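Worksheet: the structure to be examined is printed underneath.
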Amino acid sequence: MSDISEQTDKLRQELRRGIVVLAVLSQLHTNQYGYSLIQQLSAKGFDIEEGTLYPLLRRLEEQGLLKSEWEVTESRPRKYYRISENGREILRILSAEWLETVKIMNQLLGGESHD
Amino acid sequence: MTDLIERYLHEVGRYVPPKSRADIQTELRSLIQDQIDDRYGGAPTEDEITIVLKEMGDPRQMATLYHKEQYLIGPALYPWMMMVLSYGWLIVPAVVIFLSIFGVLNASQSVTVTNLVIEPILSALQATFIFSSVVVMIFAIVERTGFEWKSDKTAFNPANLPKADDPRTVDRFESAFGFTVGTVIVLLFVYFLVVGGLTLRFNLSDPGDVIPIPQGWMLALIISTTSLIITQLIALRRGHWTVGLWALHTFLELFGAIAIYFAVFVPIFERIVMDNSSLGDIPIPAIITILYVFIALVSRGIKLVQIRNYPSAPSFTTSSN
């Protein structure tokens, strides 16, 4: 892999690292288990690796942003996640922050393309 | 078919915290089976399971992602650890080499290049390694106890930052360190003066065999070292060095180097030559002292000129428009 594409990959990962949390929180207003969440995000164009999502769900739960419960009545036990009150509040703040950032970034990137 | 999955889960389980191991494994098992069912239906082949597990990634890496961000020494403690280490890396080898040479001279064995040079160097390396390990271990324990430098966050005031490149600045930690080490050294010299020579047995009533020293030079060494500590403390109290204070400090340091030559180096070297006359051809103590005096003279001289030329008034003004 060339230096440029290696660098791009690393920077892309850094860029996505912050917004993954926002994407996940935004989809958990209803109960979801890991795989269903991956599918839902993927269907909306946001691909996320299993190895990234599963530990992330657990961390967000430890931080109190998600609640979880085991569902054992189905064919196999599944852990369902749902956004908590705290998580909802944080999602609201982060969403506003994100929209503002997008607006600024559009201006910055737009300005650059006109130079 | 589940054998591969179970082996994968077992491997992940080895590297996640025991408290949450069962929970993580159960959840991962369910997630893996969901994926397999979704892609391949009820009867996947071993190759298909392999594909899914490969996509999940190396089990050790997967387990690592379940840990919180981890480091042995965090960013809050790291600068402090490096400060302790950097001082230790200077002092520990010096002390160990000094003690090793002393030990050889006081022992009944004959003095050779091996036990006078090679063994002290190896001991110094060993002691430095042990010192570094112990320091890192202590800081790692402090890190694990959740210790935080909360006071630092509230105490920080940009107005208290030292001026950039101000040669008059007194480093608080350097001063504290110099004070501590200097005090120990003065006590050591006083002990040598009282027992009449150099020894490693610290017992006033029975100091053992001592290497005789010129008492006058030892007294001069004690006075110069004590005065050095005092000038350092005066500078610390004032918050900066002045030309006069730095000149006095430099003079005392140079005088101390000459005093240590006569009071410590020469007696030790004479004892070495007494045991092994072949080592007496090169005046090692004189070379070390001259080299040190030369380096000190140049570096302290440069700083003296910098202090003298440093503008006392601020180099810029702020407007209040």
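Here, each number is a calculation from the coordinates, and none is a lab measurement. On a predicted model such as this, the values are computed, not experimentally measured, just so you know. Cβ placement follows ideal geometry from the backbone for every residue including glycine, while neighbour counts extend to all protein chains displayed.
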>> Taking θ = phi - 60°, what integer Hz values does the Karplus form 6.51 cos²θ - 1.76 cosθ + 1.60 yield along region B:91-104, in sequence order, with x for Gly and Pro?
In response: 7, 4, x, 4, 5, 5, 4, 4, 5, 5, 4, 4, x, 5
> With the calculation restricted to Cα positions, what are the radius of gyration and Dmax of region A:17-115 in angstrom?
Replying inline: 16.1, 61
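To one decimal place, what orientation-averaged projected area in nm² is obtained for the convex hull of the Cα set of region A:9-68?
Numbers: hull surface 16.3 nm².
Taking a quarter of the hull surface, the average projection is 4.1 nm².
Can you tell me, using C-alpha contacts under 8 Å and at least 6 residues apart, the relative contact order of chain B as a whole percent?
Values: 257 pairs, mean separation 44.1, N = 321.
Normalised by residue count, the contact order of chain B is 14 percent.
How big, on average over all directions, is the shadow cast by the Cα convex hull of region B:186-307, in nm²?
Numbers: hull surface 34.5 nm².
That works out to 8.6 nm², a quarter of the Cα hull's surface.
So how do B:I121, B:I5, B:I49 line up by other beta-carbon neighbours within 10 Å, fewest first?
Values: B:I121 13, B:I5 18, B:I49 21.
Going from sparsest to densest Cβ surroundings: B:I121, B:I5, B:I49.
So for region B:227-288, what percent of the C-alpha to C-alpha distances run longer than 18 Å?
On the way: 973 of 1891 pairs.
More than 18 Å apart: 51 percent of the Cα pairs in region B:227-288.
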> If packing is taken as the mean number of other Cβ atoms within 10 Å per residue, what is the order of B:249-261, B:284-296, highest first?
Replying inline: B:249-261, B:284-296
> Out of residues 5 or more away from B:T112 or on other chains, whose amide H comes under 5 Å of its own, with H placed 1.01 Å from N in the peptide plane?
Replying inline: none
>> Report, in listed order, any pair from A:K44/A:K103; A:K10/B:K19; A:K10/B:K163 with a Cα-Cα distance greater than 30 Å.
In response: A:K10/B:K19; A:K10/B:K163
> Summing -39500 (n - 2.57) over the DSSP H runs of n ≥ 4 in the protein assembly as shown and dividing by its residue number, what mean residue ellipticity at 222 nm do you reach, to the nearest 500 deg cm²/dmol?
Replying inline: -23000 deg cm²/dmol
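Above 21 angstrom, tally the Cα pairs of region B:185-257 and express them as a % of all pairs, no decimals. Before the final figure, lay out the partial values.
Details: 1006 of 2628 pairs.
Here the tail beyond 21 Å accounts for 38 percent of pairs.
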> Compactness ratio of chain B: Cα Rg over 2.2 N^0.38 Å, N = residue count?
Replying inline: 1.57
>> Distance between the C-alpha centers of region A:1-26 and region B:4-24? Whole Å please.
In response: 27 Å
>> Whole-Hz ³J(HN,Hα) for each residue in region B:113-130, computed from phi via Karplus 6.51 cos²θ - 1.76 cosθ + 1.60 with θ = phi - 60°, x for glycine and proline: what do you get?
In response: 4, 4, 7, 9, 10, 5, 4, x, 5, 5, 4, 4, 4, 4, 5, 5, 5, 5
>> Give me the base-10 log of I(q)/I(0) for region B:1-137 at each q in 0.12, 0.17, 0.20 Å⁻¹, Debye formula, one uniform scatterer per Cα, rounded to two decimals.
In response: -0.67, -0.91, -1.08
> According to the Kirkwood expression over distinct Cα-Cα pairs, how big is the hydrodynamic radius of the protein assembly as shown, in Å?
Replying inline: 29.2 Å
> Taking region A:8-65, which GluC sites (Glu not before Pro) meet the DSSP loop condition and have no more than 16 other C-beta atoms within 10 Å?
Replying inline: A:E49
> Per 10 Å bin, what is the whole-percent P(r) computed from every C-alpha pair distance within region A:53-108?
Replying inline: 22, 34, 26, 13, 5, 0
